[in-house]
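Asks: Quick one: the structure is below, questions incoming.
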Amino acid sequence: MKKIIIQGSSRSKGNTFDITQALKEKLDCDYIDLSTKNIQLFDYEFKNQEDDFLPLIKELLENYDVFIFASPVYWYTMSATLKIFFDRFTDCVLKEKELGRKFEGKHMAALCCGSSEDEIDSYFIPFRESAKYLKMNYIGDVHTWKDSDEIDEKVIHKLQFFSNLIESQN
Ligand SMILES: Cc1cc2nc3c(=O)[nH]c(=O)nc-3n(C[C@H](O)[C@H](O)[C@H](O)COP(=O)(O)O)c2cc1C
């Protein structure tokens, strides 16, 4: 199965990036940084159809089976960058319905990076519920953190477990 990490952070090369690269060392997958794309807020009148969302989601749905969303913890939830991307799935549900149906049967996993080991109970609910709504298989998630230059050994172990979990879906 082809896998891709989809990162949404306000820092392209920040902590979440470091964690995604550590995961990439363990898991054969591609990587995309949503900050490199022009993705506008959801618009009920779909006035934003010329931005990068539709070409990107088409490419993802055509070429990948597993979407691994990666975001920092910002105010107990996902980054605005990633949330905007999720909001735009609505384009596929309301307008580009053929695309919307292509989510079905794909796999989703999620990773967050906070500043401490403390997990936020509700963090992954939007991921899990969105997967359910889109008829995707929710593989699971991992809370990570970075509070110094080096990645904590505990996080490295969690990433290995997460990677094995994703690989086991094959
Ligand atoms: C706007 C903002 C909000 C944050 N909110 C939280 C939070 O609610 N809980 C937490 O543990 N850390 C919080 N943090 C810390 C970040 O989650 C942490 O530093 C993370 O590793 C940053 O990843 P990044 O470099 O990819 O942005 C926040 C940081 C920022 C900039």
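Taken together, the values in this text are just the output of simple stated rules run on the coordinates, not laboratory data. The structure displayed is predicted, hence computed values, not measured ones. Positions of Cβ are generated from backbone atoms using ideal geometry, with glycine treated the same way; all protein chains shown enter the neighbour counts.
Asks: Karplus couplings for the stretch 146-156 from phi (6.51 cos²θ - 1.76 cosθ + 1.60, θ = phi - 60°), rounded to Hz, Gly and Pro as x?
Replies: 8, 10, 7, 4, 8, 7, 4, 4, 4, 5, 4
Asks: What residues have an amide H closer than 5 Å to that of Gln40, excluding those fewer than 5 places away on the same chain, when H is modeled at 1.01 Å from N in the peptide plane?
Replies: Close amide H contacts, sequence-distant or interchain: Asp52, Phe53.
Asks: Want the number for Asp152 to Lys97: 0.36 nm per residue separation, take away the alpha-carbon distance, what's left?
Replies: So the extension gain works out to 15.5 nm.
Asks: Give me the percent relative contact order of the chain, please, defined on Cα pairs under 8 angstrom at least 6 residues apart.
Replies: Normalised by residue count, the contact order of the chain is 25 percent.
Asks: Right, next: Quick one: which of Lys2/Lys154; Lys47/Lys102; Lys102/Lys135; Lys58/Lys83; Lys3/Lys135 span more than 20 angstrom between C-alpha atoms?
Replies: In this structure, Lys2/Lys154; Lys47/Lys102 exceed 20 Å between Cα atoms.
Asks: If I histogram all Cα-Cα distances within the chain using bins 10 Å wide from 0, what percent of pairs lands in each bin?
Replies: The calculated distribution, bin by bin, is 10, 41, 37, 11, 1.
Asks: Next up: Starting from the Cα of Tyr31, step 7 Å along the direction of its Cβ; do the same at Glu117; then give the gap between the two resulting points in nm.
Replies: 2.6
Asks: Ala110's amide H: which non-local residues (gap 5+, or another chain) put their own amide H closer than 5 Å, with H modeled 1.01 Å from N in plane and none for Pro or chain starts?
Replies: Residues meeting the criterion, in which the H sits 1.01 Å from N, are Phe69, Gly140, Asp141, Val142.
Asks: Oh, and also: Would you mind checking which residues have amide H under 5 Å from Tyr31's amide H? H placed 1.01 Å from N; only 5 or more apart, or other chain.
Replies: Ile5
Asks: Between the alpha-carbon centers of the stretch 1-74 and the stretch 82-124, tell me the distance in whole angstrom.
Replies: Comparing the Cα centres of the stretch 1-74 and the stretch 82-124, I get a distance of 10 Å.
Asks: Within 10 Å, count the other beta carbons around each residue, average over each peptide in 28-40, 104-116, and list them highest first.
Replies: Final packing ranking: 104-116, 28-40.
Asks: Please report the orientation-averaged projected area of the stretch 81-159, defined via the convex hull of its C-alpha atoms, in nm².
Replies: 6.0
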